[in-house]
Amino acid sequence: MNDPQEFVDAAQNEVPVRGFLHCPSDAGGDCLILTHGAGSNCNAPLLVALAGAFSASGLTVLRCDLPFRQLRPHGPPQRGSAERDQEGLRAAITSMRRQTSGRVFLGGHSYGGRQATMLAASQPGLVDQLLLLSYPLHPPQRPSELRTEHFPRLQTPAMFVHGTRDGFGSIEELTAALTLIPTRTELLPLAGAGHELVTKRNRDEVSKILAEAFRLFTDEAEA
């Protein structure tokens, strides 16, 4: 596996794409775009570990900063930034379509994953599969404020990875929410994990497990 290379694509996109590209030694043509949560960036330890594991499995991986993070290095997204963040994901998909010849998968942690689902729901067929890490089903301790209004329009197969101690939604709540999605979904619970999914101690091990589970999920789509 080669070392990740800094990646910038601003020439052909209204919204710049910025991040790091992981190119495997034996690439199969498929690509995964990974993005971060509301309080983080593309250098989040979870994303770095996942990018390494997925790249080792043969995927080209782009871990990228959402537009709100490109505008300021710290702090959560400002009100009204979701539409531009989705445009940033669309620009990243366009860039990767030029870089690779195979399928394009889109993944994100928390806020990044939510934006990925909203984009995919608005544009069926834009990507082949979704990988949602700690989907923020509702704000902590506010279970009535569900973020599922777009789920019935989501046509893209999606794998959800969720910790059993995630304050943004329980496994039972997420299982119920997935019945709203009219396409193939899979839920991978991580016992004892919180919203960050991994710790420094188990980060590499869990990343390898997720890479293998998602490979099986995507292979089933080809069968």
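Residues checked against (1) without any contact (Cβ under 8 Å) to a residue 40 or more places away in the chain; (2) over 22 Å from Ala38 (Cβ atoms); (3) more than 17 Å from the chain's Cα centre (by Cα):
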site: Thr148; (1), (2), (3): yes, no, no
site: Gln155; (1), (2), (3): yes, yes, no
site: Phe168; (1), (2), (3): no, no, no
site: Ala177; (1), (2), (3): no, no, yes
site: Asn202; (1), (2), (3): yes, yes, yes
site: Arg215; (1), (2), (3): no, yes, no
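Of Pro152, Pro157, all but one fail to be buried (at least 19 other Cβ atoms within 10 Å of the Cβ) and modelled with pLDDT of 95 or more; the exception is Pro157. Of the numbered criteria (1) without any contact (Cβ under 8 Å) to a residue 60 or more places away in the chain; (2) part of a helix (DSSP H, G or I), the one Glu186 fails is (2). For the range 34-50, the set of residues classified as within 16 Å of Arg203 (Cα to Cα) and of a type in the set (Gly, Ala, Ser) consists of Ala44, Ala49, listed by residue number. A Cβ distance below 6 Å, combined with a sequence gap of six or more or placement on separate chains, defines the contacts here; from the range 62-85, residues that are touching a residue at least 60 places away in the same chain (Cβ under 8 Å) reach residues that are surrounded by 11 or more Cβ atoms within 10 Å (Cβ to Cβ) and part of a helix (DSSP H, G or I) in the pairs Arg84/Pro67.
Checking every residue in the range 121-139 against the condition of being within 21 Å of Cys31 (Cβ to Cβ), outside any loop (DSSP other than H, G, I, E, B) and either of a type in the set (D, E, K, R) or modelled with pLDDT under 95 (or both) gives zero matches.
Taking the conditions exactly as written (under 25 Å from Gly194 (Cβ atoms), out of contact with any Pro (no Cβ under 9 Å at 6 or more places or on another chain), of a type in the set (Gly, Ala, Ser) and surrounded by fewer than 21 Cβ atoms within 10 Å (Cβ to Cβ)), does Ser144 satisfy them or not? For Ser144, the condition - under 25 Å from Gly194 (Cβ atoms), out of contact with any Pro (no Cβ under 9 Å at 6 or more places or on another chain), of a type in the set (Gly, Ala, Ser) and surrounded by fewer than 21 Cβ atoms within 10 Å (Cβ to Cβ) - is met. Is there a residue being farther than 24 Å from His195 by Cα, part of a loop (DSSP other than H, G, I, E, B) and of a type outside the set (Ser, Thr, Tyr) anywhere in the range 147-156? There is at least one residue in the range 147-156 that is farther than 24 Å from His195 by Cα, part of a loop (DSSP other than H, G, I, E, B) and of a type outside the set (Ser, Thr, Tyr). Among the listed residues Pro189, Pro182, which satisfies the condition of being under 28 Å from Gln123 (Cα atoms), modelled with pLDDT of 95 or more and touching a Lys or Arg at 6+ places or on another chain (Cβ under 9 Å)? Unique residue meeting the criteria: Pro182. Filtered by the rule that a residue be exposed (fewer than 14 other Cβ atoms within 10 Å of the Cβ), aliphatic (A, V, I, L, M) and closer than 23 Å to Gln129 by Cβ, the range 190-222 gives Leu216, Ala221.
The values are calculated or read from the model by the stated rules, or taken from the named source; none is laboratory data. This is a predicted model, so every value here is computed, not measured. Backbone-built Cβ (ideal geometry, glycine too); neighbour counts: all protein chains shown.
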